[in-house]
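Engineer: Before anything else, here's the structure in question.
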Amino acid sequence: MKLWFKSGAPWVWMTAGAVSISLLSVIGLLLLIASRGLSFFWPSDIHQFEIANSSGETSVIIGEVYESEQVPTQRLITSGIEFDKEQGEFVERYLIKTGNREYVELDFQWVLGPEIVKETRPSGIAVFERSKNGNFYGFVDSVIVDGKTIRENKEDALFAAIDRAVDLNDQALDLQNDEIGAINYQLEKLRLKERKLELEDELTDAALRDLENQRQALRDEYKVYEKELFAFRDEARRDSVIVKDMRGELVTLPIFYVLDVSFPNDMNFFEKVIQYGKQLGKFVSDDPREANTEGGVFPAIFGTVFMVLLMAVIVTPFGVVAAIYLHEYAGNNAVTKVIRISVINLAGVPSIVYGVFGLGFFVYMLGGSLDQLFYPEALPGPTFGTPGVIWSALTLAILTLPVVIVSTEEGLSRIPGSLRQGSLALGATKAETIWRIIIPMASPAIMTGLILAVARAAGEVAPLMLVGVVKMAPTLPIDGNFPYVHLDRKFMHLGFHIYDVGFQSPNVEAARPLVYATSFLLVTVIITLNITAIGIRNHLREKYKSLEH
Amino acid sequence: MSGQTNIALKTESTRKFKDKFAKYGVMTGGILVLCALLLIFFYLLYVVKPVFDSAHVDSREATSTLDKAYFATGIEEQTEISYAITPNATVDFFNAEDGMSGQQIASIATEVPGEITAYSQSAPHKGLFGFMNDDARLTIIKPFFKIDFKNNTRSLTPRVQLPFGEEPLPELLDEEGYTVEKFVFAEEEGVLGILYQLQNGAVRYARLEGEENMFTEEIEWIVEQSELDFVDGKVERLLISPDASRIFILTKNEIYVANSRVGSEVELLYTKNISRPNQQITTAKLLASANSLMLGYTDGKITQWFEVNGKAGRDFVQVRDFTMDVEGSDKAVAEIYPEFYRRTFIATTSSGEVNFFHTTSEADLWQGKLPTDNITDISFSPRSNAFVVLSANQLDVLNVENEHPEVTWSGLWQEVWYEGYAEPDYVWQSSSASDDFESKFSLVPISFGTLKAAMYAMLFAVPIGLAAAIYTAYFMAPSVRKIVKPTVEIMEALPTVILGFLAGLWLAPLIEEKLPGVILLILLLPVAIFLTAFAWHNIPQKIRNRMPVGWDSILLIPIVAFVGYFSFEMSPLVEEWLFDGNTRLYITNELGITFDQRNSLIVGIAMGFAVIPTIFSIAEDAVFSVPKTLSSGSLALGATQWQTLIKVVLLTASPGIFSAVMMGLGRAVGETMIVLMATGNTPIMDWSIFQGMRTLSANIAVEMPESEVGSSHYRILFLAAFVLFIFTFVFNTIAEFVRQRLREKYSSL
């Protein structure tokens, strides 16, 4: 024993334990995010609880079981809860999502195990997904279609009515966003044009008349669209459904607000899988609703991807050129050493410092000057002098510059020197060698650097909070209005979405599953990018190893 | 043929040119990286620098020559028009624009019935002037400027307003025969407080509350009076706070501070001796927001007093003092003139020498001589970018550049005694709703928070990260290492916002509930690993041989997982057994420690998790690249694996390990999202593991979007970023330097 101890073997095991802890925590973390994020879309059963509390009152609660936990009985007793029967040391407590936000005080309710008299999963409970006030749970009593009450085949009638309303609402939304949005955009352009003419002292009567005519034309057009929009909305308001809720009362729900209905208790596994896929699809393709706590994350995905691509376009040339300089041109002198230290430092500077720099230098200084020069008509309202997607991309480009440099340089250093010498010996200039031989061979390494940079940028939040990200962007950075790409706009970002919904939202409890789902999405994207990059790099190493021999 | 050569020559030269061009182009690109770093450095510095600039004063060519006697002056917000007020309630307006040589542009007289016996002015930001007549009726006037926008040009028209009606206020005296000799007044939300002294020396306080009559629409005043009989000795000065809640009466040696919130009964709060040996009091003034009383003495000393809520109850104490720093032997403080909202004030001497001081930062901002002596009054502009000086026969306007008087290097890093605080302290409280808020910019609490967060993170990350790196590099089987290394790299790539979110919303409640489990885990884990090792040592060689060398960590995974599960399952039982069933209550009540749900433990674990990969990968590289010849030599001489590791490998790799720790520290110091989400972000100074902190980075993230561009707050946040930049710059540069040295050493081996 003593000898064994002296040999240091236990300490070796301890260090092995550290590896196990690290591995276990990474894997555990990923599994946690995956399980929480993915289970959110699973159509869980709806329970009906009959509850009798200590004072003898009975009630019915319908909802999804959200969470359960063990609570020491003693703690409950001290907090003033009485039990009829003797309880064990711990009591099970359930958090039930009851929905029906407009009729109950809280849409989440704690229920103690011993209070539950009876638990059933009755068939026929409908879950209504709504664009306002969250989910609604209850039994469908009847459907009112165009004034007629339908009790026979009510499910089919309900599905048909919902499809119709959703369709009409979509059309109305498209009209509002595309046609009416375009008119508003053009009106704003006209206002700026007028202001510009005024600033240049060229606002003649003729010009004014011309502007007014254009404005009038737009307003006329607007009236037509508006009428159409109202027509769609009125049409969509036609039907409603009568539902018996958990209080036993009949409630009329306008189908105008209903997005979808499902009967999870009546679904078999296969149907549930389909429903799951549908929900997942909606999550990535829908706009957020109700202060981001419900609906999808499409604008955040779009904003993240757009910003990251813009950043990639900026960072690649600079990073590659810098790496080529460091590896192919720079001598082993003090300047090179200083540049190398700056690369390391750029990689080590906290991201928030980049945010501060971006806000001060890009947004206020550069953007402010651009506004003075090119957009004086919009002042004092800023055009580029306010956080926006271009500034975010630029800030993150500096932040990820070292990633591209380090990775490209590694690629360059793996290309055997004999290739360079061969090319030079055949009479090519250095520039030609680099352009024709080195860069094509190093392109997978450049790709690796780029992927790593994109992965880093996609997960970075702190600097973006200062230079352009918002919790809710009314418009995407790309739309149908000339010049189609709006680099001055603010955008939504998956990482910021997680922070905002998880910490700033009014109903954290309701939003939490959504945050897990968003996290899962972000983690998946980033890990996929990283694994791809690692894969390319390893492949490259193998390839050059064989070249060397 | 010759044509072809020509083309060849031509292409030759273009090729040469292209080669040169590429060379310089690439060089510029490389140097741009350096420029980017320098740009960040100098831009941050450029924004921060004005904070430490001292004040500048230069005179404006706008001197008005006066032919009347005035007692008070003022200037409007745009500093275009100044005014002076005569003792008989006439307001004369002058053009104060540069180069306009101060012509008089208007004169507005207000009718005051009877004979004026006394006059006085309110706190500067209220801009009121009062005239008391021989019936003890007060008329209050307010000069103001009407702004018109006609034809897109702005024009200002001076006016005089009577904010309390055309009629003078009701009589303050019921007995005949006495007149008011001096008085001060203040108004807040329709309540007027007037502190006055009669000819016979009696001091009285009147509280007037205006109520509009429903029928006649006239204001009816309810007057409450009280006699202040506690004053002993000749009254030198009367002062009243702008909200009429405190009155100050100064005699030769004493100051009386009384609560005047309830008018009918003025309650004496403090009587303080303010005399200094051989020195006379020359002046007394209240600063902006009127928490502080400034007293000037004949030897040029100015003392600041305010109410504090100390351990021994409330008290009125002298907090700090300033000394006039002027040329000439006459240093006696003639008068003190405060700014509208900030704690900057001017102190003058009778010869026209002035000093600019700021109380909070204890800064002596400017010292110089005014164009005139014998100053009657000085008044700042509302934006504090100019002031007017009224003397016997001229009115001068001076420009002031004094953007950030509240910030000094010592104020940022040393304890400061803020108004209302019991003692000097480090406080970060950057903003508040009111204009005259005393900003508290101490970087100490947030720097402390940064170090605290980094320390707890390192406490968690260094042992695990280094141990894991050593094992992976030295003992682990290559096949396992191939999987472990990328896994840890992926751990590094995890967005910190996700770590922060999990820490704040999942880990924090979990640990709060299962705290005994966490303690149990920390105790059990090493024991379990040790026992496993011992068990493994004692099982037959045959079974042992089945497992390849260097797979120990894989073998340990189920054991670690089981211990973790077991500890958390046992947590409620341990809680019942050791902590009376509720750990949180136990910690707060029995141990007397405050317990935040989002505390340093959470930050330590979450940020440690983010730092482990940084430490791991650099340390692993360092250990792995120790030449095999060294360890082989040691093993050949009979040392065990562990002995070789400790005595040979680690010793050689120690600079690399050091640089790994430095890099990790750099990362922990700058991390934003995790601390933002996993702590309560309160700027407290306490090492307790159960409390949170506010770090430099989180502070920037929280406050930057709300700070006004160019304000002191904005610049201090830039300073915070600069401090972070320097912190990480130092760590990274040292680490990189050490690493480069190490690389050179290995290459020679």
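The values are calculated or read from the model by the stated rules, or taken from the named source; none is laboratory data. All values derive from a computational prediction rather than experimental measurement. All Cβ positions, glycine included, derive from the backbone under ideal geometry; neighbour counts span all protein chains shown.
Engineer: Looking only at the range A:383-435, which residues are under 41 Å from the mean Cα position of the chain (by Cα), without any contact (Cβ under 8 Å) to a residue 24 or more places away in the chain and over 30 Å from A:Leu466 (Cβ atoms)?
Structural biologist: Across the range A:383-435, the qualifying residue is only A:Trp435.
Engineer: So, in the range A:435-460, exactly how many residues are touching a Leu at 6+ places or on another chain (Cβ under 9 Å) and either surrounded by 22 or more Cβ atoms within 10 Å (Cβ to Cβ) or assigned to a loop (DSSP other than H, G, I, E, B) (or both)?
Structural biologist: 13
Engineer: Another one. Is one or more of the residues making up the range A:111-127 within 28 Å of the chain's Cα centre (by Cα), assigned to a strand (DSSP E or B) and in contact (Cβ under 8 Å) with a residue 12 or more places away in the chain? Even if it seems obvious, please write down each step before you answer.
Structural biologist: Step one: filter the range A:111-127 for residues within 28 Å of the chain's Cα centre (by Cα), giving A:127.
If we keep only those that are assigned to a strand (DSSP E or B) too, we end up with A:127.
Next cut, in contact (Cβ under 8 Å) with a residue 12 or more places away in the chain only: A:127.
Yes; the residues of the range A:111-127 include at least one that is within 28 Å of the chain's Cα centre (by Cα), assigned to a strand (DSSP E or B) and in contact (Cβ under 8 Å) with a residue 12 or more places away in the chain.
Engineer: Taking the range B:480-493, which residues are in contact (Cβ under 8 Å) with a residue 60 or more places away in the chain and facing another protein chain (nearest Cβ under 7 Å)?
Structural biologist: Answer for the range B:480-493, where residues must be in contact (Cβ under 8 Å) with a residue 60 or more places away in the chain and facing another protein chain (nearest Cβ under 7 Å): B:Val484, B:Val488, B:Glu489, B:Met491.
Engineer: Which one of A:Val251, A:Val261 is assigned to a strand (DSSP E or B), at pLDDT 85 or above and closer than 29 Å to A:Ile301 by Cβ?
Structural biologist: Values: A:Val251 fails: closer than 29 Å to A:Ile301 by Cβ.
Just one listed residue meets the conditions, A:Val261.
Engineer: Does at least one position in the range B:702-714 carry a residue that is buried (at least 18 other Cβ atoms within 10 Å of the Cβ), at the interface with chain A (Cβ under 10 Å from one of its Cβ atoms) and aromatic (Phe, Trp, Tyr)?
Structural biologist: Within the range B:702-714, one or more residues are buried (at least 18 other Cβ atoms within 10 Å of the Cβ), at the interface with chain A (Cβ under 10 Å from one of its Cβ atoms) and aromatic (Phe, Trp, Tyr).
Engineer: Right, next: Residue check: is A:Arg151 touching a Phe, Trp or Tyr at 6+ places or on another chain (Cβ under 7 Å) and over 14 Å from A:Ile46 (Cβ atoms)?
Structural biologist: no
Engineer: While we're on this one: Please enumerate the residues belonging to the range B:79-121 that are assigned to a loop (DSSP other than H, G, I, E, B), within 17 Å of B:Lys142 (Cα to Cα) and of a type in the set (Asp, Glu).
Structural biologist: B:Glu111
Engineer: Follow-up. If A:Ile61 passes every condition in (1) in a loop (DSSP other than H, G, I, E, B); (2) crowded, with 18+ Cβ neighbours inside 10 Å; (3) of a type in the set (A, V, I, L, M, F, W, C) but one, which one does it miss?
Structural biologist: Status for A:Ile61: all satisfied but (1).
Engineer: Among the residues of the range A:270-285, write down those that are surrounded by fewer than 16 Cβ atoms within 10 Å (Cβ to Cβ) and either basic (Lys, Arg) or in contact with a Gly (Cβ under 8 Å, 6 or more places away or on another chain) (or both).
Structural biologist: A:Lys278, A:Val284, A:Ser285
Engineer: Scan the range B:727-749 for residues that are hydroxyl-bearing (Ser, Thr, Tyr) and under 16 Å from B:Leu37 (Cα atoms) and jot them down.
Structural biologist: Scanning the range B:727-749 gives B:Thr728, B:Thr733.
Engineer: For the range B:580-598, how many residues are part of a loop (DSSP other than H, G, I, E, B), within 11 Å of chain A (Cβ to nearest Cβ) and either within 40 Å of the chain's Cα centre (by Cα) or loosely packed, with under 14 Cβ neighbours inside 10 Å (or both)?
Structural biologist: 3
Engineer: Follow-up question, since we're still on this one. From the list A:Ser22, A:Ser44, which one is within 10 Å of chain B (Cβ to nearest Cβ) and either part of a loop (DSSP other than H, G, I, E, B) or under 30 Å from B:Leu507 (Cβ atoms) (or both)? Lay out the reasoning, then the answer.
Structural biologist: Working: A:Ser44 fails: within 10 Å of chain B (Cβ to nearest Cβ).
Selected residue: A:Ser22, the only one of A:Ser22, A:Ser44 that is within 10 Å of chain B (Cβ to nearest Cβ) and either part of a loop (DSSP other than H, G, I, E, B) or under 30 Å from B:Leu507 (Cβ atoms) (or both).
Engineer: Filter the range B:463-479 down to the residues that are part of a helix (DSSP H, G or I) and more than 9 Å from chain A (Cβ to nearest Cβ), then identify the one that is nearest to B:Phe658 (Cα to Cα).
Structural biologist: B:Ala473
Engineer: For the condition of a type in the set (A, V, I, L, M, F, W, C), within 9 Å of chain A (Cβ to nearest Cβ) and crowded, with 17+ Cβ neighbours inside 10 Å, what is the one hit in B:Val48, B:Val26?
Structural biologist: B:Val26
Engineer: Can you tell me which residue is surrounded by the most Cβ atoms within 10 Å (Cβ to Cβ) among those in the range B:624-649 that are within 11 Å of chain A (Cβ to nearest Cβ) and touching a residue at least 40 places away in the same chain (Cβ under 8 Å)? Before you say what the answer is, go through the steps one by one.
Structural biologist: We begin by selecting, within the range B:624-649, every residue within 11 Å of chain A (Cβ to nearest Cβ); these are B:639-647.
Right, trim to touching a residue at least 40 places away in the same chain (Cβ under 8 Å) and you get B:641, B:645.
Numbers: B:Gln641: 18, B:Leu645: 26.
It comes out as B:Leu645.
Engineer: Scanning for something of a type in the set (A, V, I, L, M), on the phi < 0 side of the Ramachandran plot and either surrounded by 17 or more Cβ atoms within 10 Å (Cβ to Cβ) or in contact with a strand residue (DSSP E or B) (Cβ under 9 Å, 6 or more places away or on another chain) (or both), does the range B:300-307 turn up at least one residue?
Structural biologist: Yes, some residue in the range B:300-307 is of a type in the set (A, V, I, L, M), on the phi < 0 side of the Ramachandran plot and either surrounded by 17 or more Cβ atoms within 10 Å (Cβ to Cβ) or in contact with a strand residue (DSSP E or B) (Cβ under 9 Å, 6 or more places away or on another chain) (or both).
Engineer: List the strands (runs of 3 or more DSSP E) inside the range B:337-398, counting only whole elements, that have at least 3 residues being buried (at least 20 other Cβ atoms within 10 Å of the Cβ) and either in contact with a His (Cβ under 6 Å, 6 or more places away or on another chain) or not polar (S, T, N, Q) (or both).
Structural biologist: B:344-348, B:353-358, B:375-380, B:386-391
Engineer: Determine, yes or no, whether B:Glu423 is buried (at least 20 other Cβ atoms within 10 Å of the Cβ), touching an Asp or Glu at 6+ places or on another chain (Cβ under 9 Å) and in a loop (DSSP other than H, G, I, E, B).
Structural biologist: Values: buried (at least 20 other Cβ atoms within 10 Å of the Cβ): no; touching an Asp or Glu at 6+ places or on another chain (Cβ under 9 Å): yes; in a loop (DSSP other than H, G, I, E, B): yes.
It is false that B:Glu423 is buried (at least 20 other Cβ atoms within 10 Å of the Cβ), touching an Asp or Glu at 6+ places or on another chain (Cβ under 9 Å) and in a loop (DSSP other than H, G, I, E, B).
Engineer: Is at least one residue of the range A:323-346 under 30 Å from B:Val48 (Cα atoms), of a type in the set (Gly, Ala, Ser), under 30 Å from the mean Cα position of the chain (by Cα) and within 11 Å of chain B (Cβ to nearest Cβ)?
Structural biologist: Within the range A:323-346, not a single residue is under 30 Å from B:Val48 (Cα atoms), of a type in the set (Gly, Ala, Ser), under 30 Å from the mean Cα position of the chain (by Cα) and within 11 Å of chain B (Cβ to nearest Cβ).
Residue-by-condition table, conditions (1) of a type in the set (S, T, N, Q); (2) in contact with an Asp or Glu (Cβ under 6 Å, 6 or more places away or on another chain); (3) more than 30 Å from B:Lys311 (Cα to Cα):
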| position | (1), (2), (3) |
| --- | --- |
| B:Glu353 | no, no, yes |
| B:Thr360 | yes, yes, no |
| B:Ser379 | yes, no, yes |
| B:Pro382 | no, yes, yes |
| B:Phe387 | no, no, yes |
| B:Leu390 | no, yes, yes |
| B:Glu401 | no, no, yes |
| B:Pro405 | no, no, yes |
| B:Trp428 | no, no, no |
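Engineer: Of all residues in the range B:51-89, which are more than 19 Å from B:Ala106 (Cβ to Cβ) and either β-branched (Val, Ile, Thr) or modelled with pLDDT of 90 or more (or both)?
Structural biologist: Within the range B:51-89, B:Val51, B:Val57 qualify.
Engineer: I've got another one for you. Here are the criteria: (1) more than 30 Å from A:Phe496 (Cβ to Cβ); (2) of a type in the set (S, T, N, Q); (3) more than 8 Å from chain A (Cβ to nearest Cβ). Tell me which single one B:Thr450 does not satisfy.
Structural biologist: Every condition holds for B:Thr450 apart from (1).
Engineer: Shifting gears a bit: Looking at the range A:347-421, what helices (runs of 4 or more DSSP H) fall wholly within it and have at least 1 residues that are farther than 20 Å from A:Phe496 by Cβ, within 13 Å of chain B (Cβ to nearest Cβ) and out of contact with any Cys (no Cβ under 6 Å at 6 or more places or on another chain)? Give the steps one after another, and end with the answer.
Structural biologist: Details: elements: A:351-357, A:368-374, A:389-414.
Output list reads A:368-374, A:389-414.
Engineer: From the list B:Val574, B:Val603, pick out the single residue that is closer than 16 Å to B:Thr496 by Cα and assigned by TED's automatic domain parsing to the domain that holds B:Ile689. Steps first, please.
Structural biologist: Values: B:Val574 fails: closer than 16 Å to B:Thr496 by Cα.
From the options B:Val574, B:Val603, the qualifying one is B:Val603.
Condition check ((1) within 9 Å of chain B (Cβ to nearest Cβ); (2) in a loop (DSSP other than H, G, I, E, B)) across all residues:
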position	(1), (2)
A:Ala473	no, yes
A:Asn481	no, yes
A:Phe496	yes, no
A:Val501	no, no
A:Pro513	no, no
A:Leu529	yes, no
A:Lys545	no, no
